[in-house]
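The values are calculated or read from the model by the stated rules, or taken from the named source; none is laboratory data. Just so you know, these numbers come straight off a predicted model, no measurement behind them. Note that each Cβ is placed from the backbone with ideal geometry, even for glycine, and that neighbours are counted across all protein chains shown.
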Amino acid sequence: MAVPRDEWLRLIDEEYLRGFISEGGAAVKFAVLAEQDDAPRLAAELRQLAARHRLAHAAIDSAASKLHMIQDVFFAIARQIDWPATAQRFLEALCTDNGYAWPRPGAAVPIAELADANDVDEKLLRREVNQWLTQRIMHDTNMAQEFRIAITRLCQDRLAPAGAGDRVAPPVLDWLRGELGAIGALRSASIYRKITRHNARSMLRSLGHWLRLCGDRGLLLTLDIRRLALALPPGADGVRYSPAAVMDAYEVLRQLIDEADHLEGLLVVVLADADFVEGDPRRSVDSYPALKMRVWDDVRPRQRDNPLSPLVRLT
């Protein structure tokens, strides 16, 4: 019944990454692995596919990140995104599109240097850049308001003088990565609340749109959920999931599936093992019908799995 891994990867490449995902679509796929050692190899092959199609890539292991908390899922992704590089690419393209040459491609340039390189008054150029950022970012309602503010601040930081005293970029990065201590550090940036379960999904939607704005075609995310099937004793290394936490993690996955129509350029590949479909009744997909109904085929061929179904067994 299982599908050969190479055939499944080929179909993911041809049917999803080459067109659907790269053009702004989103999908969630579950891959049930035959052997535990298959996970690192499959994850590496998916990373190569992401690079081939100019997709950003992030990998989350449920043993290291709390999969049952959507904000921790976003933080784990955010820690793997090079935020200054995305801001740099966007800002360079923005200036080029408006007829201004960037003097040192790939590097932050103070606004005074950018003005000198283009023979324009610094104050006039600063006003123009702020207008462009307002039109392209702050008015883009495909991103959450606080996300737009954060990204605008990161872009402005690429134009700040070297060694500027009041730099807002470090706390913005900490905020995106879930590492900010007190939200008061961002009051000057007009950000007044942390990323929690209430706004993390909107941040994930915003991230997909932002990546496409700055040159990537989307994001390929691998979620290794094999840890959910393990009933570990107290004190075990890594994240330990109670049956209730497993249900919460499945709810996070269910929400990702249901929100695929609102996500942009996102392919989520969930790596599981046989315990996900036939393991402990308190931890397998049978324990959460809302998720099973979304990934389990109502009609299944006798000879083999459908390689394009939401859930496949791989050999």
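With respect to (1) in the same structural domain as Thr134 (by TED's automatic domain parsing); (2) under 24 Å from the mean Cα position of the chain (by Cα); (3) assigned to a helix (DSSP H, G or I), the lone exception for Ala185 is condition (2). For beta carbons closer than 8 Å, sequence separation of 6+ or different chains, a first residue in the stretch 42-62 that is of a type in the set (Val, Ile, Thr) and a second that is crowded, with 16+ Cβ neighbours inside 10 Å, the qualifying pairs are Ile60/Leu67; Ile60/Val73; Ile60/Ala76; Ile60/Ile77; Ile60/Leu221; Ile60/Thr222; Ile60/Leu223; Ile60/Asp224.
Do we find that Leu271 is in a helix (DSSP H, G or I) and either surrounded by fewer than 23 Cβ atoms within 10 Å (Cβ to Cβ) or in contact (Cβ under 8 Å) with a residue 40 or more places away in the chain (or both) in this structure? For Leu271, the condition - in a helix (DSSP H, G or I) and either surrounded by fewer than 23 Cβ atoms within 10 Å (Cβ to Cβ) or in contact (Cβ under 8 Å) with a residue 40 or more places away in the chain (or both) - is not met. In a residue-by-residue description of the stretch 13-22, the property of being touching a strand residue (DSSP E or B) at 6+ places or on another chain (Cβ under 7 Å) and either within 27 Å of Gly279 (Cα to Cα) or outside the structural domain of Leu223 (by TED's automatic domain parsing) (or both) applies to no position. Scanning the stretch 232-250 for residues that are exposed (fewer than 15 other Cβ atoms within 10 Å of the Cβ), part of a loop (DSSP other than H, G, I, E, B) and of a type in the set (A, V, I, L, M) yields Leu232, Ala236.
Any residue in the stretch 224-241 that is under 13 Å from Lys66 (Cα atoms) sitting within a Cβ distance under 7 Å of a residue that is surrounded by fewer than 18 Cβ atoms within 10 Å (Cβ to Cβ) and hydrophobic (A, V, I, L, M, F, W, C)? List the pairs, counting only those 6 or more apart or interchain. Here the result reads Gly238/Ala64; Val239/Ala64; Arg240/Leu232, each pair linking the stretch 224-241 to a residue that is surrounded by fewer than 18 Cβ atoms within 10 Å (Cβ to Cβ) and hydrophobic (A, V, I, L, M, F, W, C). Can you pull out the residues in the stretch 53-91 that are touching a Leu at 6+ places or on another chain (Cβ under 7 Å) and of a type in the set (Gly, Ala, Ser)? Ala56, Ala58, Ser62, Ala78, Ala87, listed by residue number.
Applying the condition of being under 15 Å from the mean Cα position of the chain (by Cα) and crowded, with 20+ Cβ neighbours inside 10 Å to the stretch 30-56 and asking which residue is nearest to Met293 (Cα to Cα) yields Leu46. A count restricted to the stretch 251-268 and to residues that are part of a loop (DSSP other than H, G, I, E, B) and not hydrophobic (A, V, I, L, M, F, W, C) stands at 3.
Condition check ((1) in contact with a helix residue (DSSP H, G or I) (Cβ under 8 Å, 6 or more places away or on another chain); (2) more than 23 Å from Val270 (Cβ to Cβ); (3) exposed (fewer than 14 other Cβ atoms within 10 Å of the Cβ); (4) polar (S, T, N, Q)) across all residues:
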residue	(1), (2), (3), (4)
Ile70	yes, no, no, no
Ala78	yes, no, no, no
Arg89	no, yes, no, no
Asp97	no, yes, yes, no
Pro103	yes, yes, yes, no
Leu125	yes, yes, no, no
Gln131	no, yes, yes, yes
Phe147	yes, yes, no, no
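Taken together, the residues in the stretch 106-123 that are of a type in the set (Lys, Arg) and surrounded by 14 or more Cβ atoms within 10 Å (Cβ to Cβ) amount to 0.
In the stretch 12-29, which residue that is touching a Phe, Trp or Tyr at 6+ places or on another chain (Cβ under 9 Å) and in a strand (DSSP E or B) is surrounded by the most Cβ atoms within 10 Å (Cβ to Cβ)? Only one residue fits best here, namely Ala26.
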